[in-house]
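Right, one structure below, let's go through it.
Please treat every number below as a calculation from the coordinates, not as lab data. Computed from a prediction, not measured in an experiment: that's the story for all the values here. Cβ placement follows ideal geometry from the backbone for every residue including glycine, while neighbour counts extend to all protein chains displayed.
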Number of protein chains: 2
Amino acid sequence: MSAYSATFRVPAISSIVQPALQAQLQALIDHKTKPPGSLGQLESLALQIGLVCQSTQPAALQPSAFIFAADHGVMAENVSAFPQSVTWQMVENFLAGGAAINVFARQHACPLQIIDAGVNHVFAARSALLDRKIAMGSKNLACEAAMSALECEQALLAGMALVAESPANVLILGEMGIGNTTVASALMQKITDLPLALCVGAGTGLAPAGVAHKQAVLARALALHAQVSEPLEILAHLGGFEIAMMVGAMLQAASMRKLILIDGFIVTSALLVARLLAPQVQEYCVFAHCSDESGHRAMLDFLGAQPLLTLGLRLGEGSGAMLALPLLQAARNFLVEMASFAAAEVDGALAS
Amino acid sequence: MSAYSATFRVPAISSIVQPALQAQLQALIDHKTKPPGSLGQLESLALQIGLVCQSTQPAALQPSAFIFAADHGVMAENVSAFPQSVTWQMVENFLAGGAAINVFARQHACPLQIIDAGVNHVFAARSALLDRKIAMGSKNLACEAAMSALECEQALLAGMALVAESPANVLILGEMGIGNTTVASALMQKITDLPLALCVGAGTGLAPAGVAHKQAVLARALALHAQVSEPLEILAHLGGFEIAMMVGAMLQAASMRKLILIDGFIVTSALLVARLLAPQVQEYCVFAHCSDESGHRAMLDFLGAQPLLTLGLRLGEGSGAMLALPLLQAARNFLVEMASFAAAEVDGALAS
């Protein structure tokens, strides 16, 4: 047995499938005052929300966003269009309220917490920044394992604890970490076994030569870790602190029947790991958007996921998930608030 | 000269193009703390909002929704899955707050007004229903002109007046009218000259035989009105009261530099008419979604429009536009509220 399977226990996660409740929900949705099916994807979303909440009248959604920040040793290989310093500088920007995720969270009145999962910077202590720093960045996965088994487990547990303490029933997970599209590409290739070229993109804006270099670094890393096969080993060798914390957060959320609003390429790579550990976790996930980061579409296809938005976003920070939040709320709201044909005394469809 | 060109005056509409302001806006957008272009479609939307509002710091958007209801004489041809009575019954549902548009408008704190443009029903007077009834429904366009020139002009002016009196700077236009996908298909085919089969769909849920019948009715109608060629004649012969009011509303909105959030198939058919009268009106339009109603995609392609949402919606009522409203607000908010790299002291991209 490898060290990686030693201590971490995946929490118990139930399937949301419940045929009697599903039939009740579907009947409710079909009798709302609208042509059957005319709310499209919002109808399947309403069904999912009802099943996750185990209710035909789910309570108002209570969202909360967690943005995990960490640095990556693979930045020694020059894999990003931006310098590593941007990670901590953007954390300061989050704390000052000036980033996109701040703007969108304010707009939607969604609480936002920033977590230092392992940024290569010493922050002055302040209440709005949760210090869960595992180390001053991960190791360079092109040369060695990104995390030790212990670090990986610490990160998983930190993510779980954050969610366990949250009163939210909808979680938006986001991330900040210069270099982390490289890490997500590594996890994607390892887990999906898709051609590496399909898994690698421009990240924050690499030119084609930079993408080619990034792909070469990844090919080296994947060869180095070719023998790794257990989910937690894959995460430790090829992941990062923010990704491991999100894996823990997802597992905990699903174990507590909370909805998870999945953002873009990095967050979805964390889900690839989480569902290796517990396939049912995906039943709790709503896919907010298809990112413009090359590879995300293939990742979503691998998961059989249908995203709500396709707006050419590629910012991270949970920004795409935050933008999709009103659609999730709209799905819950029509289920609970719309009149039925009978209640509104509206005539039904003609016999065809 | 035909009677149709006699009295109606299209209001003056300026182009939003202003190269100096556009350059300023683009520079602002590019210097926000995010990789350039990473907010995708929201970036072009922010640019459009700035140009429409003629400001790099547009004021908070103030939306208002108008739902126009009317009946259609073409229902004598049995072109819908639902009976005509559903039009007035749904108006009652709107007034009682039980329809999808009510739920979504409440969620987004958007004022909502219901207008009787020509429903075949005598409503009890009440403050929430604006009585702009032109007639008890239009005539059957498969046999004669749907409206007289005078009725059409009255409807256009009523739509213009509603917008002229509104303090809103973003208009959501919606409609309710059993039979009105048939009318929209007629306008679409006449104006785009696309094959009729591409313009006809299932509406509220016709079976394939019903769609074939609808197409045959439309072929007859289009043959009957083949000689009609002026925009206002096309609208009068093949349109409906709610559509004509929306045409007027769009023209007035653009003349006052208000944004117009375009909903689905019916609302877009009104835009097809409005832009024949004043091509610049489209510069003020944001395309909320691509409807599942067959034909809407082709309509959007004809306009070169890129919709924000593609969720398989086909409900009308302005519901798709209302669902897209937070995205419009997010675009304005990031433009005004996000920090720049310089202000947040975040390092820029590395030289590539």
Q.
Explain nothing, just the number: relative contact order of the stretch A:19-84, from Cα pairs under 8 Å at least 6 residues apart, as a whole percent.
A. 29
Q) Rounded to the nearest 0.05, what FRET efficiency is calculated for B:ARG257 and A:ALA207 with R0 set to 30 Å and r the Cβ-Cβ distance? A) 0.15
**Q.** Charge dipole magnitude, Cβ of K and R +1, D and E -1 - chain B, Cα centre, debye nearest 20
**A.** 80
Q. Which residue fluctuates the most in chain B, going by a Gaussian network model with Cα springs under 10 Å, if the choices are B:LEU156, B:LEU235, B:LEU303?
A. B:LEU303
Q: Take the alpha carbon atoms of chain A, find their radius of gyration, then divide it by 2.2 N^0.38 Å using N residues; give the quotient.
A: 1.01
Q. Can you give the Rg to Rh ratio of the stretch A:232-352, both from alpha-carbon atoms, with Rh computed by the Kirkwood formula?
A. 1.11
Q | Average beta carbon contacts from partner chains per residue of B:334-347, 10 Å cutoff | A | 5
Q) Among B:ALA142, B:ALA221, B:ALA209, which one shows the biggest mean-square fluctuation in a GNM of chain B, springs joining Cα atoms closer than 10 Å? A) B:ALA209
Q: Pop the C-beta distance of B:SER44 and A:HIS31 into the FRET formula with R0 = 51 Å and round what comes out to the nearest 0.05.
A: 0.80
Q: Bin width 20 Å, alpha-carbon pairs only: give the P(r) of the protein assembly as shown as whole percents, running from 0 to the bin holding the largest distance.
A: 18, 46, 28, 7, 0
Q) If you line up the Cα atoms of the stretch B:28-129 on their principal axes, what length do they span on each, largest first, in Å? A) 57, 33, 23
Q. Once the Cα atoms of helix A:85-96 and of chain A are each reduced to a long axis, what angle between those two axes, in degrees from 0 to 90 to the nearest 10, is obtained?
A. 40
Q: Would you tell me the mean number of C-beta atoms belonging to other protein chains that fall within 10 Å of each C-beta in A:91-98, as a whole number?
A: 4
Q: Report the longest stretch of chain B that contains none of the GluC sites (Glu not before Pro) sitting in a DSSP loop with at most 16 other Cβ atoms within 10 Å.
A: B:166-344
Q) Computed FRET efficiency, Cβ-Cβ of A:LEU224 and A:ASN78, R0 30 Å: what is it to the nearest 0.05? A) 0.95
Q. So for the pair B:LEU350, A:GLN24, with labels modelled 7 Å out along Cα→Cβ, what separation do we get in nm?
A. 5.7
Q.
What distance in nm lies between label points placed 7 Å from Cα along the C-beta direction at A:LEU196 and B:SER15?
A. 5.0
Q. So what's the back-of-envelope 222 nm ellipticity for chain A, counting only DSSP H runs of four-plus at -39500 (n - 2.57) apiece and dividing by all residues, rounded to 500?
A. -14000 deg cm²/dmol
Q. Given the protein assembly as shown, what percent of its DSSP beta bridges are antiparallel, to the nearest 5?
A. 5
Q. Along Cα→Cβ at 7 Å, what distances in nm separate the A:ALA209 label point from those on the other copies, shortest first?
A. 6.8
Q) Where is the GNM fluctuation largest for chain A (alpha-carbon springs, 10 angstrom cutoff): A:GLN84, A:GLN215, A:GLN62? A) A:GLN62
Q. With charges set only on the Cβ (+1 for Lys and Arg, -1 for Asp and Glu), what does the dipole of the protein assembly as shown come to about its Cα centre, in debye to the nearest 20?
A. 140
Q: Any chance you could list the semi-axes, whole Å, largest first, of the equivalent ellipsoid that the Cα gyration tensor gives for the stretch A:85-144, using √(5λ)?
A: 25, 13, 10
Q | Folded to 0 to 90 degrees: helix B:41-53 orientation relative to chain B principal axis, Cα | A | 80
